[in-house]
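Undergrad: Dropping a structure here in structure tokens format, bear with me for questions.
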Amino acid sequence: MDSHLKAKELLEENKTFIEKPNKQWFLKVFILAVLICIGLYALVLQITKGHLITGMRDNVVWGVYIVNFVFILGLSYAGALIAGIFHLARVEWAKPLQRILKLITVFALIVGPVYILLCLGRPERLLNLFLYPRIQSPITWDLIAIMTDLIFCIVYLYFTYIKDFALLRDNSANLNLYGWRKKLYKFLALGYQNTPEQKKLLNRALDIMAAIIIPTSIIAYSLLAWLFGMNLKVGWHSAMTAPFFVLSAVYSGIALLIIIMWIYRKTQRLEKVFTDNHFLYLGFSLVILSLFYGYFYFSQYITDWYNIQETTNRLLSKYMDFSQYGIHFSVAIFMVAFLPSIIIGVPWFRSINSIAITSVFVLAGLWVMRYLMIVPVLETPYLPMQDFRESWVHYSATWIEWSLTIAGIAICVLFFVVASKLAPIIPISEMLEKKGENKFVIFYKTRRKLSKG
Amino acid sequence: MDMKPKYILTTALLFLFFFYYLPAKTTAAANIQKKTKTRLKVYYEKLANSDKKISIILFQGTGKKMKGIENAELVLTTFDLDNERQLTTIYTDANGNAMLIIEAKYLFPKDERGYSVVKVMYSGNDSLKAAQKKVKFMDLNVDVSFEIVDSIKLITVSTFEIDSIGNPKPIEGVKLNIGVERLFSTLYLSKIETNKKGIGTMEFPEDIAGDSIGTINVIVKIDDNDDYGTITKAKKINWGTIVDYSNVSENRSLFGDEAPLWMIISVFVVLAGAWYHFILAIYKVLKIKKIEPKILNEPL
């Protein structure tokens, strides 16, 4: 069957999800909007009453907001990194996952940095970072990295949509769409007609973007890690921080990808697209990453444990003390380092649903591990804390912080709901490209020379 | 059949009871509005410059339901023998807090035992009950001096009251916290207690970091004493170890005024490389529009 006929067939199968929205769609948007409004109310309260209504105090100056910032940016960089690698390595089975990965990247990169603004007591002073940047400061590095990555990722996402916009433009007559959407597809398709020259140009642009997105993501997340690693604080000051951050990001990105795939498979009946094999391959990746995570964490822990410094011992004892963070630590480390090996590793437990549920636990566990990396460390300074009230020493998030956290998740979900209405959640055109049709731009000439030789 | 009027009567009475009498009673009760109890907390503190501070919190409820009362008028009075004399009137802020700072030169009248009393009164309103609270304190003086005996650095603190004829009277058994001022809070070094002469001493450690000439600010504090309230005294001395911060900056270029050359070059090479390829990719995509065939290709 010709590729354009296959494309039409795939578009026909998925047209209900991109055509004019129904009541169910509006209900989803309404629920998400309510959650976002609660978050906005909390934000207004926080701005008018100050940070006193959050759990953050002089000593523990970072709380749930910074945990969300680190965690969500990790998901973003993971999305970019995995998408870039899959694209450049021409992984055929991973083609249907490309769009989800790129959407995770962009949406997380938009929402994540908002949490750093919520941490600021005087957010208007953020402007000074642009007016008076110091190239020596890891905060400036991170600012440059996030801005660069955001621009690159938005443009990369758009490039991957061009073929599908052209497909929608050419088939809009058969679809029940609003008039403005037809005009939008025509404009965004950039006159793409799938001629060999156009295809070559677009594929080269995609290859270049994929190639620069991979190092950009690794550098950007490493820079974020160095915000912690460059601190002389116990628990942060380690050469392991950046590699550990990147590993955690990829791990959480795969877990989120499985969850989103599972949701779309269930709600849009995409069993033919997101097949059992996708879940198995990504599930096994989770097992491998969980073992790596366990190894990295153990390596970090035992190095710290051998350190006889008093402050280090105080911090580590908090992770083992069940009256402090013992329960959080035990449950989280079980979820991230052992659970995938048990549920996905043992065939008896393994199923599509169990892989998805394990991913939910892994994601939750990784969030808690981020929390444990930040809050207990801030509660354990080198100098003893004196003349402080209890609430200054022990951090406890308030409903303001939780509602803004939920609002952030709701915004990401809302973006997904809107994006999957605007265009198919699977890259139809890309999926239908024949194997070997899209030659890899960087090694193309090298391969030709080799074959001649 | 005879029983029927009885049932009707009973039902009617119950109806009247539930739908007229009980709601009427509840409404009547609601009309007599209960006033909410208010509470006051008053603290006395003598500041480092010898000014006196009266801190007040006016609130309703307790525990998690505790809520400050905003913009309430508080009348402060003091007692000269049996005569009550008004000091001033102040208002609470949004959290129910109010504060009065009295200059050191103002002398509070004392009773026969040497105590001064400040009374804070809140007169209440339509919904809030009135409240009042007294705080009683003695005016204790704290002096800090430094001496070196046999190469040992000693901080000496003396505590005394001024009697009615103006002579200092040493006070024994006063517990004092001694510390040094750090960036965010005080680092406490020791707790001492004054002897019969009203004097307490403490050996100053050799390893406390000072500024570029070794100056440190020694803080002596009495915390919430039953008789004297909270008293803070501060005095500077160059007993700290000298920390030359300019050298620190040179050694750790990350915090220097100028970024090292390798860092500037690295950042610009990485950014230029990334942005060059980014612009190249955009250029290629924009060319798609330019080479759009005029005769439509087979639809996608």
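The values are calculated or read from the model by the stated rules, or taken from the named source; none is laboratory data. Keep in mind that what you see is a predicted model, and the values were worked out from it rather than measured. All Cβ positions, even for glycine, are placed from backbone atoms using ideal geometry, and neighbour counts span all protein chains on display.
Undergrad: Would you confirm whether any residue within segment A:147-159 is within 12 Å of chain B (Cβ to nearest Cβ), over 19 Å from B:Leu271 (Cβ atoms) and in a helix (DSSP H, G or I)?
TA: Yes, the conditions are met somewhere in segment A:147-159.
Undergrad: Residues to consider are A:Leu150, A:Leu120; find the one that is out of contact with any Phe, Trp or Tyr (no Cβ under 9 Å at 6 or more places or on another chain), assigned by TED's automatic domain parsing to the domain that holds A:Phe187 and without any contact (Cβ under 8 Å) to a residue 24 or more places away in the chain. Talk me through it step by step, then tell me what you get.
TA: On the way: A:Leu150 fails: without any contact (Cβ under 8 Å) to a residue 24 or more places away in the chain.
Of A:Leu150, A:Leu120, the one residue that is out of contact with any Phe, Trp or Tyr (no Cβ under 9 Å at 6 or more places or on another chain), assigned by TED's automatic domain parsing to the domain that holds A:Phe187 and without any contact (Cβ under 8 Å) to a residue 24 or more places away in the chain is A:Leu120.
Undergrad: Name every residue in segment A:195-207 that is over 20 Å from A:Ala89 (Cβ atoms) and facing chain B (nearest Cβ under 7 Å), in order of residue number.
TA: A:Thr195, A:Glu197, A:Gln198, A:Leu201
Undergrad: Something else now. Out of A:Tyr185, A:Tyr192, I need the residue that is more than 7 Å from every other protein chain (Cβ to nearest Cβ), under 28 Å from A:Leu88 (Cα atoms) and either aromatic (Phe, Trp, Tyr) or outside any helix (DSSP H, G or I) (or both). Which one?
TA: Values: A:Tyr192 fails: more than 7 Å from every other protein chain (Cβ to nearest Cβ).
Going through A:Tyr185, A:Tyr192 in turn, just one is more than 7 Å from every other protein chain (Cβ to nearest Cβ), under 28 Å from A:Leu88 (Cα atoms) and either aromatic (Phe, Trp, Tyr) or outside any helix (DSSP H, G or I) (or both): A:Tyr185.
Undergrad: Scanning for something buried (at least 16 other Cβ atoms within 10 Å of the Cβ), within 26 Å of the chain's Cα centre (by Cα), more than 14 Å from chain B (Cβ to nearest Cβ) and closer than 30 Å to B:Phe184 by Cα, does segment A:41-50 turn up at least one residue?
TA: Yes, the conditions are met somewhere in segment A:41-50.
Undergrad: Can you name every one of the strands (runs of 3 or more DSSP E) wholly within segment B:131-201 that holds 3 or more residues which are away from chain A (no Cβ under 14 Å) and without any contact (Cβ under 8 Å) to a residue 60 or more places away in the chain?
TA: Values: elements: B:131-137, B:141-149, B:152-162, B:168-170, B:175-181, B:186-193.
Correct list: B:141-149, B:152-162, B:168-170.
Undergrad: B:Thr27: at pLDDT 70 or above and either among the hydroxyl-bearing types (Ser, Thr, Tyr) or more than 30 Å from B:Thr230 (Cα to Cα) (or both), yes or no?
TA: On the way: at pLDDT 70 or above: no; either among the hydroxyl-bearing types (Ser, Thr, Tyr) or more than 30 Å from B:Thr230 (Cα to Cα) (or both): yes.
No; evaluated as a whole, the condition is false for this residue.
Undergrad: Sort through A:Ala210, A:Ala220 and tell me the only one that's surrounded by 21 or more Cβ atoms within 10 Å (Cβ to Cβ), modelled with pLDDT under 90 and within 14 Å of chain B (Cβ to nearest Cβ).
TA: Result: A:Ala220 is the single residue among A:Ala210, A:Ala220 that is surrounded by 21 or more Cβ atoms within 10 Å (Cβ to Cβ), modelled with pLDDT under 90 and within 14 Å of chain B (Cβ to nearest Cβ).
Undergrad: Follow-up. With the condition kept exactly as written, say whether any residue in segment B:210-227 is under 30 Å from B:Tyr115 (Cβ atoms), modelled with pLDDT under 90 and either within 14 Å of chain A (Cβ to nearest Cβ) or assigned to a helix (DSSP H, G or I) (or both). Before the answer, list the steps.
TA: Restricting attention to segment B:210-227, the residues satisfying the condition of being under 30 Å from B:Tyr115 (Cβ atoms) are B:218-227.
Okay, now just the ones that are also modelled with pLDDT under 90, so B:223-227.
Applying the additional criterion that residues be either within 14 Å of chain A (Cβ to nearest Cβ) or assigned to a helix (DSSP H, G or I) (or both) yields B:223-224.
Scanning segment B:210-227, I find at least one residue that is under 30 Å from B:Tyr115 (Cβ atoms), modelled with pLDDT under 90 and either within 14 Å of chain A (Cβ to nearest Cβ) or assigned to a helix (DSSP H, G or I) (or both), so the answer is yes.
Undergrad: While we're here: Across segment B:131-171, what is the number of residues that are exposed (fewer than 13 other Cβ atoms within 10 Å of the Cβ) and in contact with a Ser or Thr (Cβ under 9 Å, 6 or more places away or on another chain)?
TA: The qualifying residues number 1.
Undergrad: May I ask you to say which residue of A:Arg370, A:Arg350 is over 28 Å from A:Cys119 (Cα atoms), among the basic types (Lys, Arg) and surrounded by 15 or more Cβ atoms within 10 Å (Cβ to Cβ)? Before you say what the answer is, go through the steps one by one.
TA: Details: A:Arg370 fails: over 28 Å from A:Cys119 (Cα atoms).
Sole residue among the options that is over 28 Å from A:Cys119 (Cα atoms), among the basic types (Lys, Arg) and surrounded by 15 or more Cβ atoms within 10 Å (Cβ to Cβ): A:Arg350.
Undergrad: Right, another one. Looking at this structure, is A:Lys8 within 14 Å of chain B (Cβ to nearest Cβ) and of a type outside the set (Val, Ile, Thr)? Quick ask: steps written out before the conclusion?
TA: Working: within 14 Å of chain B (Cβ to nearest Cβ): yes; of a type outside the set (Val, Ile, Thr): yes.
Spelling it out, A:Lys8 is indeed within 14 Å of chain B (Cβ to nearest Cβ) and of a type outside the set (Val, Ile, Thr).
Undergrad: Now for a separate question. Within the set of pairs 6 or more residues apart or between chains, which connect a residue that is within 12 Å of chain B (Cβ to nearest Cβ) inside segment A:367-396 to a residue that is part of a helix (DSSP H, G or I) and modelled with pLDDT of 70 or more with Cβ atoms less than 8 Å apart?
TA: A:Pro381/A:Thr311; A:Tyr382/A:Thr311; A:Met385/A:Trp392; A:Met385/A:Val393
Undergrad: Just need a number here: residues in segment A:273-307 that are free of Cβ contacts under 8 Å to residues at least 24 places away in the same chain and not hydroxyl-bearing (Ser, Thr, Tyr).
TA: Residues meeting the conditions: 5.
Undergrad: If we scan segment B:89-104, do we find a residue that is of a type in the set (S, T, N, Q) and at pLDDT below 90? Working first, answer last.
TA: The initial filter retains those residues of segment B:89-104 that are of a type in the set (S, T, N, Q), namely B:89, B:92, B:95, B:97.
Okay, now just the ones that are also at pLDDT below 90, so B:95.
Checked segment B:89-104: at least one residue is of a type in the set (S, T, N, Q) and at pLDDT below 90.
Undergrad: I would also like to ask the following. Could you please give the count of residues in segment A:163-182 that are among the charged types (D, E, K, R) and within 10 Å of another protein chain (Cβ to nearest Cβ)? First the steps, then the outcome.
TA: Initially, segment A:163-182 is screened for residues among the charged types (D, E, K, R), giving A:163-164, A:169-170, A:181-182.
Imposing the further condition that a residue be within 10 Å of another protein chain (Cβ to nearest Cβ) reduces the set to A:163-164, A:169-170.
So the answer is 4.
Undergrad: Would you check which residues across segment A:144-199 are modelled with pLDDT under 85, aliphatic (A, V, I, L, M) and surrounded by 16 or more Cβ atoms within 10 Å (Cβ to Cβ) and list them?
TA: Those that are modelled with pLDDT under 85, aliphatic (A, V, I, L, M) and surrounded by 16 or more Cβ atoms within 10 Å (Cβ to Cβ): A:Leu175, A:Leu177.
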